[in-house]
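Have a look at the structure below, then the notes.
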Amino acid sequence: MTLTDPSPPIQKAQWKTVAIPSEHGGWSLTLEPVVLGLLVAWSFQSIVLGICALTAFMARTPLKTVLVDLWRKRWLIRSSFALKILLSEIALIFVLAILVINTTESQLIWIPLTLAFPLVLIELFFSMRSRSRRLIPELAGTIGISSVVALQVLSAGLSLSLAIGMWAVVSGRAIAALGYVRTQILKIHGRNAKNWHSDVAQIVALTVVLLTYVLAEVPTVSLILIGAIALFNAFAVRRTANKAKAIGLHQMTFGASVILATGLAV
């Protein structure tokens, strides 16, 4: 393993690359389940879990840096800096998690944690190999972090059925968005993109929410909105791709609408 680093010490502008996530869409997809959890199950535990989720999302950036450098058998100045930030964030997550466990009576919170854990591992495996931008790790990571809404619902003493329903809504919304946005971004960059890739994502998203609507607790308005978004994406993907910023703003607006409508309906 390389232990030397010919590059200069970390500068103020450089620390952001190993400490702050650059994915604007990732911020949105992380905030959505947190906000929904606060709307549906406002409680002290819910607030703490929301902070945990945001901290975990931020920790992905230094963790990715450390994993990539270890995978490539090198240790740079940025590696040490990223490790310090990562350990601080892990410590905060650990303290907050213990706080939630000690103040929550429901043992059901281990169910979404158990289901989300392998998804997080999949995302980390791809990140370590610098392939986190692929569809599988993006989906796994997003659905995994979305489990926070289920934890918030259960920590507030609400039903497992509602927890699963809320997790399904934010996951369905994320699946639809990721499939559509990836296809459009490929077109903007002049790469070969298949519209049916996005179509499959819309079908999967709607199916997930529909099945959960039948089997668990999902508001009717949430199902309608996910269906409307899937229909919009199916038509929009066949039109000339807009600028990336415009695509992102549209999807963020859709996400905010789903979260607000679902929170009010519950």
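The values are calculated or read from the model by the stated rules, or taken from the named source; none is laboratory data. Because the structure is predicted, anything quoted here is derived from the model rather than measured. A quick note on method: Cβ atoms are made from the backbone with ideal geometry, for glycine too, and the neighbour counts reach across all protein chains shown.
Report those helices (runs of 4 or more DSSP H) wholly inside region 116-231 carrying at least 3 residues which are under 15 Å from Gly26 (Cβ atoms) and either touching a Leu at 6+ places or on another chain (Cβ under 9 Å) or of a type in the set (Val, Ile, Thr) (or both).
Details: elements: 135-146, 148-155, 160-188, 195-215.
Per the criteria, 135-146, 160-188.
I need the full set of residues from region 80-115 which are touching a residue at least 40 places away in the same chain (Cβ under 8 Å), farther than 18 Å from Pro21 by Cβ and assigned to a helix (DSSP H, G or I), in order please.
Leu96, Ala97, Leu99, Val100, Thr103, Ile111, Pro112
Scanning for something modelled with pLDDT under 95, closer than 30 Å to Phe232 by Cα and surrounded by fewer than 22 Cβ atoms within 10 Å (Cβ to Cβ), does region 96-106 turn up at least one residue? Break it down into steps so the answer makes sense when it comes.
Of the residues in region 96-106, the ones modelled with pLDDT under 95 are 96-106.
Applying the additional criterion that residues be closer than 30 Å to Phe232 by Cα yields none.
No; the residues of region 96-106 include none that is modelled with pLDDT under 95, closer than 30 Å to Phe232 by Cα and surrounded by fewer than 22 Cβ atoms within 10 Å (Cβ to Cβ).
Return the residue satisfying two criteria in turn: it lies in region 72-95 and is out of contact with any strand residue (DSSP E or B) (no Cβ under 9 Å at 6 or more places or on another chain) and modelled with pLDDT under 85, and of such residues it is farthest from Pro137 (Cα to Cα). Show your work before the answer.
Taking region 72-95 and keeping what is out of contact with any strand residue (DSSP E or B) (no Cβ under 9 Å at 6 or more places or on another chain), we get 77-95.
Now restrict to residues that are modelled with pLDDT under 85: 77-79.
Numbers: Ile77: 27, Arg78: 24, Ser79: 22 Å.
Here the residue is Ile77.
Any residue at all in region 120-133 that is surrounded by fewer than 24 Cβ atoms within 10 Å (Cβ to Cβ) and at positive phi?
The answer is yes; a qualifying residue exists.
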